[in-house]
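Here is the structure we will look at.
The values are calculated or read from the model by the stated rules, or taken from the named source; none is laboratory data. Everything quoted here is computed from the prediction, not taken from an experiment. Heads up, the Cβs are rebuilt from the backbone with ideal geometry, glycines too, and the neighbour counts pull from every protein chain shown.
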Amino acid sequence: MNNMTSPKSVLNTSQLSVYYGSFLALKNVDMAIQANEVTALIGPSGCGKSTLLRCFNRMNDLIPDAVVEGKVLFNGKDLYGSEINPTEIRSRIGMVFQKPNPFPKSIFDNVAFGLKVNGYTGKMDEAVEWALRQAALWDEVSDRLKKSALTLSGGQQQRLCIARAIAVQPEVILMDEPASALDPIATLAIEELIRELKQLYTIVIVTHNMQQAARVADKTAFLMVDDARGGYLVEYDATSKIFTNPSDSRTEAYITGRFS
Amino acid sequence: MSLQSNKIFNSHLRSRAIRGMVFYGICLVCVCIGIAALGTLLVQVVSDGWSWLTWHFLSDYPSRHPEEAGMMSAIFGTLWVMAMTGIFAVPVGIGSAMFLEEYAPKNKLMQIVEINLANLAGVPSIVYGLLGLAVFVYWMNIGRTALAGSLTLALLVLPVIILASREAVRAVPNAHREAAYALGADKWQVIRMVVFPGAFPGILTGSILALSRAIGEAAPVIAISALVYITFIPTSPMDRFTVMPIQIYNWVSRPQEEFQNLAAAGIIVLLVVLLSMNALAIFLRNKYQTKSDE
């Protein structure tokens, strides 16, 4: 209603908990993710940041004994409601994985994959070119679109995966440590790209690299884990606040490195 | 001599090296045993059969007179039976493998199915022959035909194809499945566009190797077709038939030396077909592998 005054939140979680069998991975997370912003999820290993990310496009559905409790609203609609088709959700909320995972197909076919599965009716060539341009990869691959995607370098492969996600024209792009398998130069290219993409998309990024969160994210959420209650959200605020003046002493301990 | 001044470590460098050499020697002997056996077989067979391997041997029907006998009916019988076995066994095998890997719930029942599948792959082939005789020949009343033989051999190689296909399906990286799901593909699209193409080279290789096992089987086919004297090429699946191993077996079991030589010539033909099929399997595997890796 009051979109003009407060930024629109695309994803809202309330009391979100995730179990893998009897193992509690994430407990009672409440957070709102704003449109056209980059939101970073940081925290130690096992704190549930990837689990949280995978709640947003229902990838946890693919894990047989995963149970999601609480609510996730996507543009105000219950993402786990009975009328929601997870397949459709995944075409509107794209995902980029930790290790570049292009299909063993040509560069063109990789980008066209999502278009094909979603029944794209427009011109395939144009859509592929558009996505590759968006991912800042077009100039490097325009003369070898028919070559296997596996001939690209790791950084190029990851940008191809971003192009592949963009081609479907999602609203949100989820990135699970997208640069952790890349060298520093490729990492900077990805970060540059993330900053540009937020004009058009809402981006949620999991990262182990706090400098990376500081460089690319508008908002940062810090999660922690303890054995008794699984992963939980400690603090969620503007990135500048989290990194300069966190409200919680645990956040401060983590970002200053006095914490394992 | 030791690099270390103190004696905390007693590294036994010499005896470790000797043990390594001994193991290397044992492995070398093992591989030589295999090669020697195969070499002896080849030399024996080629020296006995080479001179009998003529065009007329390939293009004539069996005969009581060794110099007139050929194995054309057996060659064409084998072609018929192999083609039909492939048509029955490969789709069913792929479908089963896909179900077990991609759809089946991980529960006790599926574990039992899996264990039994592995066991089935090890059941002696004559057991399949008797099963085929009871089920296809008599119960379904197909008779002692090429169709019954093919169905029996299809049962025989089915577990092997399923196991090989499952291996191939499992080797498709999960990251590719996840990537496809994350783009909004549903399960059927993931299987059709990602899993199947990824597993295809392995499935193909496994299927060809399974068929090349079937091609050498005599026991189950004897149970189906009996040791008959066939002097025609099957023209339909409902014709009587014979296959190469049966023809060879038939010749071997005769006392005259000429027939022994004919059997050797038959073995050469069978080996050539077998090796060609294996070579084709390797060629296809390499072709698809380089295609997907380059």
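Scanning for something of a type in the set (D, E) and touching a residue at least 40 places away in the same chain (Cβ under 8 Å), does region B:164-187 turn up at least one residue?
no
Looking at the structure I just gave you, is A:A217 in contact with a Lys or Arg (Cβ under 7 Å, 6 or more places away or on another chain) and of a type in the set (A, V, I, L, M)?
Taking the combined requirement at face value, the residue does not satisfy it.
In region A:36-73, how many are hydrophobic (A, V, I, L, M, F, W, C) and under 13 Å from the mean Cα position of the chain (by Cα)?
Total meeting the criteria: 9.
Go through region B:166-222 residue by residue and tally those that are within 12 Å of chain A (Cβ to nearest Cβ) and basic (K, R).
Residues meeting the conditions: 3.
Among A:P100, A:P64, which is part of a loop (DSSP other than H, G, I, E, B) and modelled with pLDDT of 90 or more?
The unique qualifying residue is A:P100.
Return yes when A:E140 is within 14 Å of chain B (Cβ to nearest Cβ), modelled with pLDDT under 95 and either farther than 13 Å from B:A179 by Cβ or in contact with a helix residue (DSSP H, G or I) (Cβ under 8 Å, 6 or more places away or on another chain) (or both) and no when it is not.
Considered against the rule, which asks whether it is within 14 Å of chain B (Cβ to nearest Cβ), modelled with pLDDT under 95 and either farther than 13 Å from B:A179 by Cβ or in contact with a helix residue (DSSP H, G or I) (Cβ under 8 Å, 6 or more places away or on another chain) (or both), A:E140 comes out as no.
When the residues of region A:104-119 are filtered to those that are without any contact (Cβ under 8 Å) to a residue 40 or more places away in the chain and farther than 18 Å from B:V172 by Cβ, which remaining residue is farthest from the other protein chains (Cβ to nearest Cβ)?
Filtering region A:104-119 for residues that are without any contact (Cβ under 8 Å) to a residue 40 or more places away in the chain and farther than 18 Å from B:V172 by Cβ, the one farthest from the other protein chains (Cβ to nearest Cβ) comes out as A:F108.
Among the residues of region B:92-115, count how many are exposed (fewer than 12 other Cβ atoms within 10 Å of the Cβ) and either part of a helix (DSSP H, G or I) or modelled with pLDDT of 90 or more (or both).
6
Just to confirm my filter: which helices (runs of 4 or more DSSP H) fall fully inside region A:133-242 and include at least 2 residues that are acidic (D, E)?
Of the helices (runs of 4 or more DSSP H) lying wholly inside region A:133-242, those with at least 2 residues that are acidic (D, E) span A:138-141, A:184-197.
So, in region B:116-143, exactly how many residues are among the hydroxyl-bearing types (S, T, Y) and exposed (fewer than 15 other Cβ atoms within 10 Å of the Cβ)?
The qualifying residues number 1.
Just to be sure before I move on: is A:A189 in contact (Cβ under 8 Å) with a residue 40 or more places away in the chain, over 24 Å from A:T13 (Cβ atoms) and either touching a strand residue (DSSP E or B) at 6+ places or on another chain (Cβ under 6 Å) or not polar (S, T, N, Q) (or both) in the structure I sent?
yes
How many of the residues in region A:163-186 are among the polar types (S, T, N, Q) and touching a residue at least 24 places away in the same chain (Cβ under 8 Å)?
Here the count works out to 1.
On the basis of being closer than 21 Å to B:A180 by Cβ and either buried (at least 18 other Cβ atoms within 10 Å of the Cβ) or out of contact with any Lys or Arg (no Cβ under 7 Å at 6 or more places or on another chain) (or both), does A:V168 make the cut?
When the stated conditions are applied, A:V168 passes them.
Residue-by-condition table, conditions (1) over 23 Å from B:F241 (Cβ atoms); (2) part of a loop (DSSP other than H, G, I, E, B); (3) at pLDDT 85 or above:
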| site | (1), (2), (3) |
| --- | --- |
| B:K7 | yes, yes, no |
| B:I18 | yes, no, yes |
| B:F23 | yes, no, yes |
| B:V29 | yes, no, yes |
| B:I33 | yes, no, yes |
| B:L38 | yes, no, yes |
| B:V43 | yes, no, yes |
| B:D48 | yes, no, yes |
| B:R64 | no, yes, no |
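Go through region B:154-183 and give me each residue that's farther than 28 Å from B:W80 by Cα and charged (D, E, K, R).
Those that are farther than 28 Å from B:W80 by Cα and charged (D, E, K, R): B:E167, B:R170, B:R177, B:E178.
So in region B:230-268, with the set limited to residues that are assigned to a loop (DSSP other than H, G, I, E, B) and among the polar types (S, T, N, Q), which one is farthest from the chain's Cα centre (by Cα)?
Step by step, filter region B:230-268, then rank; the result is B:Q256.
Residues B:L275, B:L280, B:L227, B:L271: which one is in a loop (DSSP other than H, G, I, E, B) and either at pLDDT 90 or above or assigned by TED's automatic domain parsing to the domain that holds B:P62 (or both)?
Going through B:L275, B:L280, B:L227, B:L271 in turn, just one is in a loop (DSSP other than H, G, I, E, B) and either at pLDDT 90 or above or assigned by TED's automatic domain parsing to the domain that holds B:P62 (or both): B:L227.
Filtering region A:195-250 down to residues that are among the basic types (K, R) and surrounded by fewer than 17 Cβ atoms within 10 Å (Cβ to Cβ), which residue is nearest to the chain's Cα centre (by Cα)?
Filtering first and then ranking leaves A:R195.
Going through region B:201-229 one residue at a time, which ones are crowded, with 21+ Cβ neighbours inside 10 Å, within 18 Å of B:M72 (Cβ to Cβ) and over 16 Å from the mean Cα position of the chain (by Cα)?
Listed by number, the list holds a single entry, B:S225.
Give the number of residues within region A:56-103 that are facing chain B (nearest Cβ under 7 Å) and touching a residue at least 12 places away in the same chain (Cβ under 8 Å).
Residues meeting the conditions: 10.
Under 6 Å by Cβ, and 6 or more places apart or on different chains, what pairs join a residue from region B:68-97 that is assigned by TED's automatic domain parsing to the domain that holds B:W188 and farther than 26 Å from B:A164 by Cα with one that is among the small types (G, A, S) and not in a helix (DSSP H, G or I)?
Short answer, once both residue conditions are applied: B:A69/B:S63.
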